[in-house]
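The values are calculated or read from the model by the stated rules, or taken from the named source; none is laboratory data. What you see is a predicted model; the values in this text were computed from it and never measured. Cβ: placed from backbone, ideal geometry, glycine included. Neighbour counts: every protein chain shown. In case anyone asks, the SASA skips ligands and DNA or RNA and just uses the protein heavy atoms, side chains included. Shrake-Rupley method; radii C 1.70, N 1.55, O 1.52, S 1.80 Å.
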Amino acid sequence: MTTLERADGSKQEQLRTAIDDRLRSLGPGDLLPAERVLAQELGVARMTLRRAIDTLVADGRLVRRPGSGTFVAGQEKVSQRLAVSSFSEDMRSRGLRPDSHTVSTRLAPAGTMLAAVLGVPAQTEVLRVRRLRLADDVPMALEDLHVPASVAPGLTGADLEGASFYDLLEQRYGTRVVSGTQSVEPALVPAEEAGLLGVTAGDPVFLFERTSRLADGRVAEFVRSTYRGDRYRIVVDIFPPSPADPVDTTRTKEGTA
């Protein structure tokens, strides 16, 4: 039994350091040696190695691709707290340069379901814009934005090229988003979206759906966003239950991405 195997509480930390040393010789996207080979090289049991790799995957240092192996992550993950902020604000707060590229745009009447989500009559004109959101020129998310034409008259997809929708609302239309409702679920990215995001079809992603409201109560937008799972993670603040409301055990910040 090796020194690493005999170590107590520091065993995993020592093993992580040994793996870190190995990762320095590899570049982003490189394949990690098979667990059997790496465990033999480091002199540890495969189960011990797997636990250490699990923590590196959770930290965003490594990425597992079923059927292909474990790879060195391209870049550090961006942590997102669920709070009322735009993508641009969030990226700037992390020292990253936000940008967006308009992939497609059209103005069309809303069907029954979309109209209900936006709180407008069916057949109301809605601007639909697909945008690729970037941070330091790296694709982060693919966003499908739906805005009632009455909320931002004259807005075009070209206006949103490299711009923040929230900034445009405030600067051009004198209004701003004050609240929103958002859902998040895991998904696998389809081939068309994978190509735009720079990932492989079937890779894990986060699927966000958000409805945001203005100060006057109108719905400003409905957004469906696909975020890269290898570049993004979600952080939720948890609070103790209120004595006045013993049923709710957690409260999370409502937000946007």
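Laid out as a table, the results:
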| item | result |
| --- | --- |
| Positions within the stretch 18-42 being assigned to a helix (DSSP H, G or I) and open to solvent by 20 Å² or more (accessible area, probe 1.4 Å), in sequence order | 18, 20, 21, 22, 35, 36, 37, 40, 41, 42 |
| Meets criteria (buried (at least 19 other Cβ atoms within 10 Å of the Cβ) and among the polar types (S, T, N, Q)) for residue 200 | no |
| Residue list for the stretch 206-252, filter: of a type outside the set (Lys, Arg), modelled with pLDDT of 70 or more, open to solvent by 40 Å² or more (accessible area, probe 1.4 Å) and over 17 Å from residue 150 (Cα atoms) | 206, 209 |
| Selection count, the stretch 155-182, where residues are of a type in the set (S, T, N, Q), open to solvent by less than 70 Å² (accessible area, probe 1.4 Å), farther than 19 Å from residue 130 by Cα and not in a loop (DSSP other than H, G, I, E, B) | 1 |
| Matching residues in the stretch 120-150 - criterion: being more than 22 Å from residue 199 (Cα to Cα) and open to solvent by less than 10 Å² (accessible area, probe 1.4 Å) | 126, 147, 148 |
| Residue 112 being among the hydroxyl-bearing types (Ser, Thr, Tyr), at pLDDT 85 or above and open to solvent by 70 Å² or more (accessible area, probe 1.4 Å) | yes |
| Close pairs (9 angstrom Cβ cut-off, 6 or more residues apart or separate chains): of a type in the set (Ser, Thr, Tyr) in the stretch 93-116, loosely packed, with under 12 Cβ neighbours inside 10 Å anywhere | 102/158; 105/158 |
| Single condition residue 117 does not satisfy, out of (1) of a type in the set (Val, Ile, Thr); (2) open to solvent by 30 Å² or more (accessible area, probe 1.4 Å); (3) not in a helix (DSSP H, G or I) | (3) |
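Residue-wise test of (1) modelled with pLDDT under 80; (2) in a loop (DSSP other than H, G, I, E, B); (3) more than 28 Å from the chain's Cα centre (by Cα).
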{"site": "44", "(1), (2), (3)": "no, yes, yes"}
{"site": "63", "(1), (2), (3)": "yes, no, no"}
{"site": "75", "(1), (2), (3)": "yes, yes, no"}
{"site": "79", "(1), (2), (3)": "yes, no, no"}
{"site": "85", "(1), (2), (3)": "yes, yes, no"}
{"site": "95", "(1), (2), (3)": "yes, yes, no"}
{"site": "104", "(1), (2), (3)": "no, no, no"}
